[in-house]
Amino acid sequence: MRIAVIGTGNIGGALGSKWRSAGHEVIYGSRTARLDGPGGAPVLGVGEALAGADVVLLAVPGPAVAEVVGGRGAELAGKVVIDATNRIGAEEFNSRAAISAAAPGALYARAFNTLGWENFVEPPEGAGLFFAADPDARAAVEELITATGLEPVFVGNADATGTVDCLLPLWFALVQQAGGNRKLAFRVVR
């Protein structure tokens, strides 16, 4: 897959590097273009990164999502858009409303927002990543979760975004109880 990772911080950098190592074509999108981004992938302007992408990962601060996707409806139409952002302190953690308003033709998925980036770099054995996705986005998201070394755990279509988001405060509470150890994740036992 060709993946546009919008954001070069811890989340975007960790995931983009993992996906690149797994053989996917990764291009970063940022306000500042440069030759060498995380994992050696190029960093282009956001519009250039979106061109030709199959999947778009939004890994920017939650309050910036509306600005990043605004006016890009045609560029995002038909693409899987993974919302990995968190709007801490807002009524909803996710940016689904902003993405849907700006790009109603995008295939929305909610993933990579309930664990610390450290778990994407070196996932705990048997750890799962809970996600929600439009039906046409599910297979791509499952493939990308698997490429990180986590087990995909599908909780429902995009309407189940709130279910995924319920795990975020639980993860924060467990990290706090573990003395700040962010290397913890969830596992489904069958």
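Miscellaneous remarks
- For the chain, the share of alpha carbon pairs falling in successive 5 Å distance bins from zero is 1, 9, 18, 23, 22, 16, 8, 3, 0, 0 percent.
- 0 to 90° range, to nearest 10: angle between helix 167-177 axis and the chain longest Cα axis: 50 degrees
- Each Lys or Arg adds one and each Asp or Glu subtracts one; over the other residues with Cβ under 15 Å from the Cβ of LEU174, this totals +2.
- Contact order relative to length of the chain, as percent, for alpha carbon pairs under 8 angstrom and 6 or more apart: 17 percent
- Value at 222 nm in deg cm²/dmol, rounded to 500, when DSSP H runs of n ≥ 4 in the chain each add -39,500 (n - 2.57): -8500 deg cm²/dmol
- Cα centre as origin, Lys/Arg/Asp/Glu Cβ charges: the range 2-177 dipole, Debye: 360 debye
- Against the main long axis of the alpha-carbon atoms of the chain, helix 10-21 sits at an angle near 80°.
- The antiparallel fraction among DSSP beta bridges confined to the chain stands at about 15%.
- Only one residue of THR163, LEU107, VAL65 has its Cα farthest out toward the positive end of the dipole of the range 2-177, where Lys and Arg carry +1 and Asp and Glu -1 on Cβ, and that residue is VAL65.
- Charges were assigned to the Cβ only: +1 to each Lys and Arg, -1 to each Asp and Glu. The resulting dipole of the range 77-189 about its Cα centre is roughly 180 debye.
- When you count the other C-beta atoms within 10 angstrom of each residue and take the mean per peptide, 50-61, 114-125, 161-172 line up highest first as 50-61, 114-125, 161-172.
Every read-out reported here was derived from the displayed coordinates using simple, explicitly stated rules and does not represent laboratory data. For clarity, every value in this text was computed on a predicted model and none was experimentally measured. Glycine also receives a Cβ, built like all others from the backbone with ideal geometry; neighbour counts cover every protein chain displayed.
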